[in-house]
Amino acid sequence: MIFDSFKILLISYIVFLNLGVFADHWSYNNEKHWPGICQTGEAQSPIDLEESIAIPREFHFLSMHGYGQITSAILKNNGHSAQLTLQNISPPKMHGGGLPGTYQLDHLHFHWQSEHTVNGNRFPLELHLVHFEQKYRNLTEAVGHLHGVAVLGVLFNYAVDDDEDFQPLINILDKIKNDVGKTEQLDNINVKQLMPRDRGGFFRYYGSLTTPGCNEGIIWTVFTDTLPISRNQVESFLTMKTSGNAPLAKNFRSIQPLNGRPLYLRNSGPINPILGYRPSNSSSAQVVSAILLIVCYFFKLIVV
Ligand SMILES: [Zn+2]
């Protein structure tokens, strides 16, 4: 009898795990216990976007349509992040930029601090715009297919003043941050304002979801231009509550090994603010001009 009860308990536990119920109970404090491919995968995200190993690649321009529509959205505290889902519009779509198809926007969510680092530097905030290939019915179906999902990553840099475009979202965030599962409507949102103006420069690599089940085959695009955000605004994210009423002070996964995967970099041209450098041709042009100036100066001295 006791043995039978034990069997029932064991079977219930296995069913519970297989239903993925467990997947909702993971936490950023126990990454080592994230299940399956999160531990065994060899193409995981996030990674350090190391400029010195990035392969320059002239991808076509990333074409984005419908991101500037002004619409309403639902902001939700899902216990792991603040997640934003657009309402009442045909979904924004992107193609080009080396993507193998057309991808439609599913939702947006935030990580504080950034998940990706650039040359080892971590940023205060990272926005993920999660897309799925339009031939699939939804994100759940697409995530099971190679290159079925493409995520855009936007990194934020500290600025002295509050960013006005961002403030309406922060105001709504304050209303949901104390309760997991709580939602609030945000009016007049324009996703384009949550993306950098210069979308010509980006890192590209193939990785995974950064939360369990860590599915691989995800196309990552992280812009090299950033958006400003004040310390006050970031503070609102840091005080968001997770289950058990504990503050969700950190919701970024640790850096994963590259394991020989190629990391590509599309240069935007004039300047890449995230990298803080000018493209090599322009800096070599500057060096050549400087040498010429010095030569002319000495020549003038000798002649005079
Ligand atoms: Zn994310």
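Could you tell me the accessible area of Ile89 in Å² (1.4 Å probe, neighbours in place), rounded to the nearest ten?
Its heavy atoms expose roughly 50 Å² to the probe.
Tell me the volume per residue, in Å³, of the convex hull enclosing the alpha carbons of the stretch 27-73. Kindly include the intermediate steps, with their values, before the conclusion.
Numbers: hull volume 9.9 nm³, N = 47.
Hull volume over Cα atoms, normalised by residue count, gives 210 Å³.
For the stretch 61-177, what does the alpha-carbon gyration tensor say about shape, rounded, prolate or oblate, given a ≥ b ≥ c as the root eigenvalues, a/c under 1.5 as rounded, and a/b over b/c as prolate?
Values: a/c = 1.66, a/b = 1.34, b/c = 1.24.
Since a/c reaches 1.5 and a/b is larger than b/c, the shape of the stretch 61-177 is classed as prolate.
Given a 1.4 Å probe and the protein chains all in place, what does the accessible area of Leu265 round to, in Å² to the nearest 10?
20
Would you please give the FRET efficiency between Glu235 and Asn188, computed as 1/(1 + (r/R0)^6) with r the Cβ-Cβ distance and R0 = 22 Å, to the nearest 0.05?
Details: r = 24 Å, r/R0 = 1.08.
Once rounded, the FRET efficiency stands at 0.40.
Report Rg(Cα)/(2.2 N^0.38 Å) for the stretch 37-292, keeping two decimals. Intermediate results must be reported in sequence, preceding the final value.
On the way: Rg = 18.3 Å, N = 256, 2.2 N^0.38 = 18.1 Å.
That works out to 1.01 for the stretch 37-292.
The values are calculated or read from the model by the stated rules, or taken from the named source; none is laboratory data. In this text, all values refer to a predicted model and were calculated from it rather than measured experimentally. We place every Cβ from the backbone using ideal geometry, glycine too, and count neighbours over all the protein chains shown. Ligands, DNA and RNA are excluded from the accessible area calculation, which covers all protein heavy atoms including side chains. Shrake-Rupley method; radii C 1.70, N 1.55, O 1.52, S 1.80 Å.
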